[in-house]
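Please treat every number below as a calculation from the coordinates, not as lab data. As the structure is a computational prediction, the values presented were derived from the model and not from experiment.
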Amino acid sequence: MATERRPGAGERRPADPGLNRRLEEIAWGVFLIMIGVLWLLPAGTLPEDTWLVGAGAIILGLNLARYVRGLAVSAFTTVLGATAVGGGAAAMYGVDVPVLAILPIFIGAQIIVRPLIRRLSPQH
């Protein structure tokens, strides 16, 4: 009897669009619940930028779940999530971070660097 080898955490497996879609749906559900709860709280209960930290954490959690399940992790949404968490946390402590100005810089750098990484990758 042959045993089926299953990929370990972070090990790439063939794309599973069904699993990825389920993970994205869960992330959207958590995001919408978070927004609803934040809207129900009295004004001033939490800092204004709590939603940004929460949204970033959800995006990073989605990519962590993808990684653990062996699915491709989105570099774009990882940077987006990290920027949201960092910008939101900074704003909560009174530090003005120009998140909307930083995002296009990260996106442009990713567009430039991605082909270089692919070319230098031993798998290519």
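Values as computed for the structure displayed
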quantity: 0 to 90° range, to nearest 10: angle between helix 50-68 axis and the chain longest Cα axis; calculated: 10
quantity: Per-selection Kirkwood Rh - the chain (Cα, Å, 1 d.p.); calculated: 16.7
quantity: Degrees separating the helix 75-92 axis from the principal Cα axis of the chain, which is the longest one; calculated: 20
quantity: Most mobile listed residue (Trp39, Trp28, Trp51) in the chain, GNM with C-alpha springs under 10 Å; calculated: Trp39
quantity: Max mean-square fluctuation residue, GNM over the chain, Cα-Cα springs under 10 Å, options Leu62, Leu23, Leu100; calculated: Leu100
